[in-house]
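K.L.:
Submitted below is the structure of interest, expressed as C-alpha cells.
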Amino acid sequence: MSDITYRLIIAGTMFEQELKPLVRSFFQGHELETELFGWDEELEALRIADNKLYYGDIEPFDIENGIVIHTGEKRFSAAFFKDGEVVFHEEGEALFDRKEYRNALARAVYRCLSKGTGKQLPWGILTGVRPTKLVYEGLEAGKNPEDIARSMKEEYLCSDRKTALSLKVAGKEHEILSSFDYSDEYSLYIGIPFCPTVCAYCSFTSFPLKGYDDLVEPYLAALFKEIEAAAGLFKGHGISSVYFGGGTPTTLSATQLERLICKVKDTFDLRKCREFTVEAGRPDSITRDKLKVLKNCGVSRISINPQSMNDETLKRIGRRHTAARIVEAFEMARTEGLDNINTDIILGLEGETVKEVEYTLSRIKELAPESLTVHTLALKRAARLVTEKKNFEGSGLSSISDMIEMTADFAENNGYEPYYLYRQKNMADNLENVGYSKKGLECLYNILIMEEVQTILALGAGGSSKFVFPKTQGNTRIERVENVKNVNHYIDRIDEMIQRKEDFLKAEKVF
C-alpha cells in the first residue's frame, strides 16, 4: 500500500453514499480519510483563489492530497488537491431533478479525480452492483440500442468496451426473459453454510465442516422445518428455478444431499421449474456417490469451481485440493451424465500474474465446461485477506484489466457469450464479474436475481428473500426479509425466521 494518505471532504448532505464509492475507486491501494459536515447554503459554492480553497473569506481546508466536494441547493463544486494546492476544480448549477443533479455532480467529481490521478474507470461514474440494469431497463422500455449506448458513454462516462459488454449482456437477458412469463412465478434459493475450509477471499455465510460437523443434522432439521412452512407462502404460483448455494452444498454427505433434494421436490410444486442448480463448488467436496445423487434427483446444472488451476495459488488461498483433483471431479461428473457444468475463476489472487491466468484458461479449455464465470477479486471486510492482511501481503491487483480482456477474448474464441454481469464493493480496478455460457445454457437464476425482476424466496442461514412487487408507474418495489447468518442462531431461532416471512406476506401482497 502506498504511504500517501488521501482525504475526502464532503460539504453538504446530499449524495454522500453515491460519492464515497466513486472516490474510493480512484484511491485503491491508498488510505482514504473521510470527513462530512453541513454547509452554509448562503455561500453557494467553494471559492478558489491562488490555488487555495476558501469557505467565504476563511481558508478552512488544510488538505495535502485528496478532494473536497460541495453539494449545495443552488451550486455544486469539486476541487482536487495535490501537495496542498488545488490543481483541478469544477463547479456547476444544481439541477432540480435529483437524478440529473447527482449525475452532473458525479461527472464533475470524476473529471477532477481522473485529471488528478491520471486514472480512468472503465465503468465511468457507475458504482452500483448492477451496471447493466440501466441497459436492460432501456431495452425493456423499447429504447434504441444506439441511444442507450450514447447515454452510457455521455451521461455515465462508460468506456466503449464496457458499453459494448453491457449491451451484449442486457440484450441476452432481455431475449431470455422475454421468452416466458416469469411474473407469475418465483425462484427458490436454499443455503448450505458449510465448507471443507473457508477460503481467504470468502465473506459468504460459510463455516468449516471441521468444528461444525455436529451441527449439520440440527441445521438440516431446522431447514426442513423452514421448507415446509415456506411451501405454503405462494400456493398456486410455480417455481422458475431452484438454486442450492452456500457455502458448499456438496459438503453434505450423499445421503444428506438426497434427503434435502427430495424434501424440496416433495414439498414444492416444481412442474414449471426450468432449472435446478447445485453448487458442487469445492472439488474436495465432490464424490462419485454425491454426483450420482445429483443426477438421479434431476439436478440439471452444477458448478465445479477451481478459482485457479495453479497449485501454489490454491495453497495460498486456503484450498485443500490440487488442480489434478479438479480434473478428476470434472471427469467423474461427465461419467455420471452431468452435462451442464459451470466453472468459476478469480482474477487478482495473490501471486497471480497474466501468465498464471493464461495457464488456468488453457486448463479450463481442456475441461470444456458449459459456462465460465469470471470473478474479479473483491476485498470484502469479512474475508481473511482483509482481516488478516498482514498474512496476505502482496495480494496484488496489478494487470487486472489485462486479465479481464484475456478472459473475454478466451470466451469469444471458445464459443461462450456473456449473459450476466455484476459488481461488488472494493473490486479491483472498479471492474466486474461476468458470466459466460454456451448458447442456450445460460443460468436462468443468475439472470433473474441480477435484474431483480422476480421474487426469490431464500431459505437457510444467511438467506435473503427478495420480494419483487408488480410495477407501478414504471417503478419496481423490492423488499428484503433476511435470515440470521450464524448457524447456531438459525437453528435456535428457526421459528422466528419462519415468522418473519409469514408476517411480511400477511401485510404485503406480492402476487
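K.L.:
By average Cβ neighbour count within 10 Å, what is the ranking of 436-443, 249-256 from highest down?
P.N.:
On the way: 436-443: 18.8, 249-256: 21.9.
Ranking the peptides 436-443, 249-256 by packing returns 249-256, 436-443.
K.L.:
If I compute P(r) over Cα pairs in 20 Å bins from 0, in percent from the structure I just sent, which labelled value in (i) 21, 52, 25, 2; (ii) 26, 60, 14, 0; (iii) 17, 31, 29, 19, 4 lines up?
P.N.:
Computed from the coordinates, P(r) over Cα pairs in 20 Å bins from 0, in percent corresponds to (i).
K.L.:
Can you tell me the FRET efficiency between Ser151 and Gln120 if r is taken as the Cβ-Cβ distance and R0 is 25 Å, rounded to the nearest 0.05?
P.N.:
Working: r = 19 Å, r/R0 = 0.74.
After rounding to 0.05, the efficiency reads 0.85.
K.L.:
How much net charge surrounds Leu349 when only the other residues with a Cβ under 9 Å from the Cβ of Leu349 are counted, with Lys and Arg +1 and Asp and Glu -1? Mind dumping the intermediate values first?
P.N.:
Numbers: positive: Arg316; negative: Glu350, Glu352, Glu356.
Residues near Leu349 contribute -2 overall.
K.L.:
Let me ask you something else. Taking every DSSP beta bridge with both residues inside the chain, roughly what % is antiparallel (nearest 5)? Before the final figure, lay out each step's value.
P.N.:
Details: 35 of 76 bridges.
In the chain, approximately 45 percent of DSSP beta bridges are antiparallel ones.
K.L.:
When the helix-only estimate is applied to the chain (DSSP H runs of n ≥ 4, each -39,500 (n - 2.57), divided by the residue count), what is the mean residue ellipticity at 222 nm, nearest 500 deg cm²/dmol? Intermediate results must be reported in sequence, preceding the final value.
P.N.:
Numbers: 16 runs with 184 residues, N = 511.
The per-residue figure over the chain is -11000 deg cm²/dmol.
K.L.:
Work through the residues other than Thr455 whose Cβ is under 13 Å from its Cβ and net out their charges, Lys, Arg +1 and Asp, Glu -1. It would help to have the intermediate numbers written out before the result.
P.N.:
Details: positive: Lys466, Arg477, Arg480, Lys501, Lys509; negative: Asp184, Glu185, Glu451, Glu452, Glu479, Glu508.
My count for the surroundings of Thr455 gives -1.
K.L.:
Spin-label point model (7 Å from Cα, Cβ direction): what's the Glu140 to His30 distance in nm?
P.N.:
3.8 nm
K.L.:
Next question, about the same structure. About the Cα centre, and with charges only on the beta carbon of Lys, Arg (+1) and Asp, Glu (-1), how big is the dipole of the stretch 133-176? Nearest 20 debye, please. Show your work: numbers first, answer last.
P.N.:
Details: 8 positive and 9 negative charges, 42 e Å.
For the stretch 133-176, the charge dipole is close to 200 debye.
K.L.:
May I ask you to list the trypsin sites (Lys or Arg not before Pro) in the stretch 445-489 that are in a DSSP loop and have at most 14 other Cβ atoms within 10 Å of their Cβ? Write down the numbers at each step before the final one.
P.N.:
On the way: sites: Lys466, Lys471, Arg477, Arg480, Lys485; in loops: Lys471, Arg477, Lys485.
For trypsin sites (Lys or Arg not before Pro) across the stretch 445-489 that sit outside H, G, I, E and B with at most 14 neighbouring Cβ atoms in 10 Å, the list reads Lys471, Arg477.
K.L.:
For a Förster distance of 41 Å, can you work out the FRET efficiency between the beta-carbons of Asn296 and Ser159, rounded to the nearest 0.05? Walk me through the numbers on the way to the answer.
P.N.:
On the way: r = 47 Å, r/R0 = 1.15.
The calculated FRET efficiency here is 0.30.
K.L.:
Is the shape of the stretch 43-180 rounded, prolate or oblate, going by the alpha carbon gyration tensor and its root eigenvalues a ≥ b ≥ c, with a/c under 1.5 for rounded and a/b larger than b/c for prolate?
P.N.:
Prolate.
K.L.:
Mind ranking 175-186, 159-170 by how tightly packed they are, going by the mean number of other C-beta atoms within 10 angstrom, highest first? Working shown, then result.
P.N.:
Numbers: 175-186: 15.6, 159-170: 19.7.
Ranked by mean Cβ neighbours within 10 Å, highest first: 159-170, 175-186.
K.L.:
If the chain between Ser179 and Ile478 were fully stretched, how many nm would it gain, using 0.36 nm times the residue separation less the Cα-Cα distance? Present the calculation step by step, with values, prior to reporting the outcome.
P.N.:
Working: separation 299, 0.36 × 299 = 107.64 nm, distance 2.29 nm.
Length gained, Ser179 through Ile478: 105.4 nm.
K.L.:
Could you pull the Cα extents of the stretch 133-176 along its three principal axes, largest to smallest, in whole Å?
P.N.:
27, 17, 15
K.L.:
Quote the charge dipole size of the stretch 180-501 about the Cα centre in Debye, to the nearest 20; the model charges only the Cβ of Lys and Arg (+1) and of Asp and Glu (-1). Let's see the in-between values first.
P.N.:
On the way: 41 positive and 45 negative charges, 136 e Å.
Dipole magnitude for the stretch 180-501 comes out near 660 debye.
K.L.:
Enumerate the helices in the chain for which the Kyte-Doolittle hydropathy averages 0.5 or more and the C-alpha atoms extend at least 15 Å along the helix's axis, using complete DSSP H runs.
P.N.:
Values: long enough: 16-26 (16 Å, -0.61); 98-117 (28 Å, -0.88); 160-177 (25 Å, -0.45); 216-230 (20 Å, 0.60); 254-267 (20 Å, -0.26); 323-335 (18 Å, 0.30); 354-367 (20 Å, -0.36); 400-413 (20 Å, 0.01); 494-507 (20 Å, -0.75).
Helices meeting the span and hydropathy rule in the chain are 216-230.
K.L.:
Which net charge results for the neighbourhood of Glu275, defined as the other residues with beta-carbon distances under 10 angstrom from its beta-carbon, given Lys and Arg at +1 and Asp and Glu at -1? Please report the intermediate quantities before stating the final value.
P.N.:
Working: positive: Arg274, Arg301; negative: Glu442.
In short, +1.
Bear in mind these aren't lab numbers, they're just calculated from the coordinates by the rules spelled out. Just so it is clear, the structure is predicted and the values come from calculations on it, not from any experiment. Reconstructed Cβ throughout: ideal geometry from the backbone, glycine too, with neighbour counts over all protein chains shown.
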